[in-house]
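So that we are looking at the same thing, I have put the structure below in structure tokens.
None of the figures in this text is laboratory data; all of them are computed from the coordinates on show. All values derive from a computational prediction rather than experimental measurement. A quick note on method: Cβ atoms are made from the backbone with ideal geometry, for glycine too, and the neighbour counts reach across all protein chains shown.
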Amino acid sequence: MKFTTISVGLIATLSSANAGLVNLGSDQCAFNISNQLLNIVHLGKGQGNSAQCSNATGSAGGILAGFAGFSTQNGDALQVVEQFQKTAKYSGEFDSLLSTLKQCAADVSGATQGLEGYCDAWTKASVNPDFYASQVQVATAKYQVPTDKLIGELGIVNSLTKSILYDTALLDGVTD
């Protein structure tokens, strides 16, 4: 699993500096805090929701959507859509966008051409509980589980440090 050198240095510093702090919650709590921080950075508000959808800002490209800022550029938005397609309640919201989503993910492209109507489809799908469940499944598998593994390997118990790792995973991805 790889994180940037700056992130690892910051984590080491915070772990040492905050060693005496009480662990403020579970790993799920730290993961949720990281989602809120990500939403503040990209959307200017702390509470994200499964329906939000907008063009990315800053270093991110493409379109960010959902509670974890799933991106059309890195392919996690495509993973959510593909997971949603497997459910009984999928009603075709993304069918016309699938080939473009796949191309953006394959090219790691921040282009939004061909994705007109994507946010409308995302918003429409967001009222479906299966779509929210698909977002949770992708976020858990792609970001939380690998980060939990690293947290365990490093023996991290501090909630702030855990939150920084989750935030780094959500923003930059996790690789083995």
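Hey, how much of the P(r) for the stretch 44-176 falls beyond 25 Å, as a percent of Cα pairs? Don't skip to the end; give the middle numbers.
Details: 2234 of 8778 pairs.
In whole percent, the share of Cα-Cα pairs in the stretch 44-176 beyond 25 Å is 25.
Which entries in the list Lys86/Lys142; Lys86/Lys162; Lys102/Lys142 go over 23 Å, if you measure between the two C-alpha atoms of each?
Values: Lys86/Lys142 18 Å; Lys86/Lys162 32 Å; Lys102/Lys142 17 Å.
Checking Cα-Cα distances, Lys86/Lys162 exceed 23 Å.
Using each residue's phi in the stretch 164-172, evaluate 6.51 cos²θ - 1.76 cosθ + 1.60 at θ = phi - 60° and report the 3J(HN,Hα) Karplus result to the nearest Hz, with x for Gly and Pro.
Working through the residues one at a time gives 5, 5, 4, 4, 4, 5, 5, 7, 10 Hz.
Sticking with this structure for a sec: Amide H of Ile63 versus every other amide H placed in the peptide plane: which residues, excluding those fewer than 5 positions away on the same chain, fall under 5 Å?
Amide H neighbours of Ile63, under 5 Å, 5+ apart: Ala56, Thr72, Gln73.
Given the convex hull over the Cα atoms of the stretch 51-95, what projected area results after averaging over all orientations, in nm²?
3.3 nm²
In nm, give the distance between the simple-model label positions of Cys29 and Asp95, each being 7 Å from the Cα along the Cα-to-Cβ direction.
4.6 nm
Would you calculate the volume per residue, in Å³, of the smallest convex hull containing every Cα atom of the stretch 81-141? Please report the intermediate quantities before stating the final value.
Working: hull volume 5.4 nm³, N = 61.
Taking only Cα atoms, the stretch 81-141 has a hull volume of 88 Å³ per residue.
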